[in-house]
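Here's the structure we're looking at; comments come further down.
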Amino acid sequence: MNYLALIDTETSGLRCDVTPLFADYAAFAAVVNDLAAPFADAKIDLVAGIDALGFILGTAVALRLQKGFLAIRKGGKLPVEVNRVEFVDYTGRRKALEIRADALKAGTNVLLVDEWVETGAQVKAAVELVERMNGRIAGIAAINVDDNKVTQQLQQQYRVFAAADAKETT
């Protein structure tokens with residue numbers, strides 16, 4: 001199934017809209033299977049999803065892999081002590097990601113999931129959060145990973161899977 005065709009690329013903003021893919025059960029199941037499959041034999045303790053659409057995909061991948069789920073939240077959303085990393089997103093705005101201060105034990109292997117990696121800054125911030133808490137990145141999975149200096153660096157350092165690169169888009 002070519003679920004990538006369901007992604008709305010004719011948007012008024014800077015991003016494509018992947019939510020039509022989520023609304024189609026068969027397409028959603030296929031993308032979740034594709035994101036989970038490369039990591040089926042990897043040592044993973046938790047799947048982390050990046051706020052907000054990464055929550056949808058990350059939770060589904062966690063269920064598929066039979067692992068727990070870790071929410072990496074946008075800054076200011078958690079009402080508890082947090083670890084926080086600031087970054088500049090694809091729009092040029094300064095933002096932050098946070099994880100509960102008690103969310104990870106040292107040595108926890110984490111698969112990071114997000115829907116789309118544009119500049120790589122947000123994923124890089126999520127990696128920094130996990131590693132600052134002495135967790136290990138088991139991999140990074142997304143529907144698409146744009147090609148730029150930061151994403152190339154992430155691909156050199158970590159196992160990165162983009163469903164768009166694995167699927168025929170015609």
> Rounded to two decimals, what is Rg over Rh for segment 84-143 when you use alpha-carbon atoms and the Kirkwood radius?
Replying inline: 0.97
>> Cβ neighbours within 10 Å, averaged per peptide: list 114-124, 97-107, 20-30, 5-15 in order, most packed at the top.
In response: 114-124, 97-107, 20-30, 5-15
> Which order do peptides 69-75, 46-52 fall in by mean Cβ count within 10 Å, highest first?
Replying inline: 46-52, 69-75
> In whole Å, what are the Cα extents of segment 3-166 along the three principal axes, biggest one first?
Replying inline: 40, 37, 32
> Given LYS95/LYS149; LYS43/LYS77; LYS43/LYS95, which pairs have Cα atoms separated by over 26 Å?
Replying inline: LYS43/LYS77; LYS43/LYS95
> Residue by residue, what Karplus-based ³J(HN,Hα) values in Hz, rounded to whole numbers, does segment 118-125 have, using 6.51, -1.76 and 1.60 with θ = phi - 60° and x for Gly and Pro?
Replying inline: 7, 8, x, 5, 5, 5, 4, 5
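The numbers here are math on the coordinates, done by the rules we state, and not lab data. Bear in mind that the values here come from a model prediction, so they are computed numbers and not experimental data. Heads up, the Cβs are rebuilt from the backbone with ideal geometry, glycines too, and the neighbour counts pull from every protein chain shown.
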